[in-house]
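Written out below as structure tokens is the structure these notes cover.
The values are calculated or read from the model by the stated rules, or taken from the named source; none is laboratory data. Remember, predicted model here, so these are calculated numbers, not experimental data. With ideal geometry, Cβ positions are generated from the backbone for all residues, glycine too; neighbour counts draw on all protein chains shown.
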Amino acid sequence: MFRLASPQVLIDRSLSDPLTIYRGCVRGAERGMWWSTHREVARKFSVRWLYEIAPDNECAYVYETVIPLPSVVCDVEWNVNSGRHGEREIIVDPSSLGYVREIESIPRSEQSSEIE
């Protein structure tokens with residue numbers, strides 16, 4: 001579906017090229033399609049992974065990668081009314097990801113204080 005749409009509509013061309021993006025998840029899910037341009041947003045998503053998606057895991061991680069702008073399928077910048085002001089989600093084709101680096105591990109015991 002994304003590939004059929006015009007890239008000019010789906011991608012903000014003012015994004016830097018290459019683009020550093022972050023993903024918060026459990027090990028084994030680091031090559032997914034939803035990423036953020038903000039490390040702290042990725043950290044919050046790691047909490048969600050542990051408590052909502054993968055409750056049997058004891059640790060979540062923040063990953064980082066650098067991608068060329070043509071690897072971005074779509075980007076979503078949330079507006080003030082969404083309650084997620086300042087968050088920018090980047091959707092990529094996972095097969096286009098190169099090296100994905102683990103930059104932080106967060107044990108479940110540390111994350112319990114971050115649940116909203």
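Observations, loosely collected:
- The condition of being modelled with pLDDT of 80 or more and of a type in the set (S, T, N, Q) holds for only one of Ser14, Ser46, that being Ser46.
- The set of residues from segment 14-56 being charged (D, E, K, R) and more than 15 Å from Glu87 (Cα to Cα) comprises Asp17, Arg27, Glu30, Arg31, Arg48, Glu52, Asp56.
- Those residues of segment 85-106 which are assigned to a loop (DSSP other than H, G, I, E, B) and more than 11 Å from Arg23 (Cβ to Cβ), in sequence order: His85, Gly86, Glu87, Asp93, Gly98, Tyr99
- Lone qualifier among Gly24, Gly32 - being surrounded by fewer than 17 Cβ atoms within 10 Å (Cβ to Cβ) and closer than 16 Å to Leu97 by Cα: Gly32
- Complete set of residues in segment 38-70 that are among the small types (Gly, Ala, Ser) and surrounded by 18 or more Cβ atoms within 10 Å (Cβ to Cβ): Ala42, Ser46, Ala60
- Residue match in segment 81-101 (condition: touching a helix residue (DSSP H, G or I) at 6+ places or on another chain (Cβ under 6 Å), within 28 Å of Asp12 (Cβ to Cβ), hydrophobic (A, V, I, L, M, F, W, C) and modelled with pLDDT of 90 or more): yes
- Here is the figure for segment 45-80: residues that are without any contact (Cβ under 8 Å) to a residue 60 or more places away in the chain, in a helix (DSSP H, G or I) and more than 21 Å from Asp17 (Cα to Cα) total 6.
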